[in-house]
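Undergrad: Before anything else, here's the structure in question.
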Amino acid sequence: MTTYTFVQNDRCFRHLCTGLVALFSVSAMTTAQKFGYAQKVNPGALAELYGKSTTNLILSHNLCDLVQPVAENVWPDRLVFSVKINDGVQGDLSSFDPLTLTKAGEMGITWSLMGQAYLAFFEDIRFDLTQKLGKNSNHWSDETLKFGYQIRNAVAHSGRIHFNSPDNSPVSWKGLCYSHTNNGEIIFEDIGVVELIVLMCEIESILKTMS
């Protein structure tokens, strides 16, 4: 089975953990408000995140591996996501299970929370990128980094594509292509929580080759 693994020394690790904790908090809070109870996270409880058609992936992880360390005020050792192709079955936020976050919830607060985690991650690495690759992202050779930078800009502009100049080169990733002509378009239909996580993982891998 394919997995994405993040460990403590990854640049994105703490940002990703923070985003996931925020997502679960919203899910648990919603369940408590709707049904009048809070559910303890038991060992082996899986949280599933549903991607957009861009990746068509479902990422699942052992939620206890995240929640238990946080309850003890320490960072988890690692996060491991199992990856599977979405066969068309989608979870339901209205169900009694507070552990499933579906794309229906990514359009609002949940997308915003993970978006802020992604933005914090990119700001964390931005100095290193400009030092090694130059300040002008047009000159960056890696398409994933160029795309990631434009997603950073979109998150910073409420999820709307924002190329700073008509001279900015178009960017592409997994069949998506954005350019200055797309300015103002929202990215929610293309980029959800799963896509942000996958993008962070791919950028993390690139960073390791640059060090």
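The values are calculated or read from the model by the stated rules, or taken from the named source; none is laboratory data. These numbers were taken from a predicted model, which means no experiment stands behind them. Quick reminder, even Gly has a Cβ in these numbers, built from the backbone with ideal geometry, and neighbours come from all protein chains shown.
Undergrad: Could you check how many residues of the range 137-156 are touching a residue at least 24 places away in the same chain (Cβ under 8 Å) and crowded, with 17+ Cβ neighbours inside 10 Å?
TA: Here the count works out to 12.
Per-residue answers, yes or no, for (1) modelled with pLDDT of 90 or more; (2) polar (S, T, N, Q):
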{"position": "Leu16", "(1), (2)": "yes, no"}
{"position": "Ala45", "(1), (2)": "no, no"}
{"position": "Ser82", "(1), (2)": "yes, yes"}
{"position": "Asp124", "(1), (2)": "yes, no"}
{"position": "Leu133", "(1), (2)": "yes, no"}
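Undergrad: Something else now. Can you say whether Tyr118 is of a type in the set (Phe, Trp, Tyr) and more than 30 Å from Ala28 (Cα to Cα), as far as the supplied structure shows?
TA: no
Undergrad: On to the next question. So for the range 50-67 (the condition being in contact with a Cys (Cβ under 8 Å, 6 or more places away or on another chain) and assigned by TED's automatic domain parsing to the domain that holds Arg11), does at least one residue qualify?
TA: Yes - at least one qualifying residue is present in the range 50-67.
Undergrad: Another question, then. As an exercise: evaluate Ser165 against (1) in contact with an Asp or Glu (Cβ under 8 Å, 6 or more places away or on another chain); (2) outside any helix (DSSP H, G or I) and give the number of the one condition it does not meet.
TA: Among (1) in contact with an Asp or Glu (Cβ under 8 Å, 6 or more places away or on another chain); (2) outside any helix (DSSP H, G or I), Ser165 violates only (1).
Undergrad: Going by the structure shown, is Asp167 at negative phi, surrounded by fewer than 17 Cβ atoms within 10 Å (Cβ to Cβ), out of contact with any His (no Cβ under 6 Å at 6 or more places or on another chain) and touching a residue at least 60 places away in the same chain (Cβ under 8 Å)? Steps first, answer last, please.
TA: On the way: at negative phi: yes; surrounded by fewer than 17 Cβ atoms within 10 Å (Cβ to Cβ): yes; out of contact with any His (no Cβ under 6 Å at 6 or more places or on another chain): yes; touching a residue at least 60 places away in the same chain (Cβ under 8 Å): no.
Considered against the rule, which asks whether it is at negative phi, surrounded by fewer than 17 Cβ atoms within 10 Å (Cβ to Cβ), out of contact with any His (no Cβ under 6 Å at 6 or more places or on another chain) and touching a residue at least 60 places away in the same chain (Cβ under 8 Å), Asp167 comes out as no.
Undergrad: Taking only the range 1-49 into account, find how many residues are of a type outside the set (D, E, K, R), in contact (Cβ under 8 Å) with a residue 40 or more places away in the chain, in a loop (DSSP other than H, G, I, E, B) and out of contact with any Cys (no Cβ under 7 Å at 6 or more places or on another chain).
TA: 5
Undergrad: Could you pull out the residue among Gly175, Gly184, Gly115, Gly159 that is crowded, with 21+ Cβ neighbours inside 10 Å, out of contact with any Pro (no Cβ under 6 Å at 6 or more places or on another chain), small (Gly, Ala, Ser) and in contact (Cβ under 8 Å) with a residue 24 or more places away in the chain?
TA: Sole residue among the options that is crowded, with 21+ Cβ neighbours inside 10 Å, out of contact with any Pro (no Cβ under 6 Å at 6 or more places or on another chain), small (Gly, Ala, Ser) and in contact (Cβ under 8 Å) with a residue 24 or more places away in the chain: Gly115.
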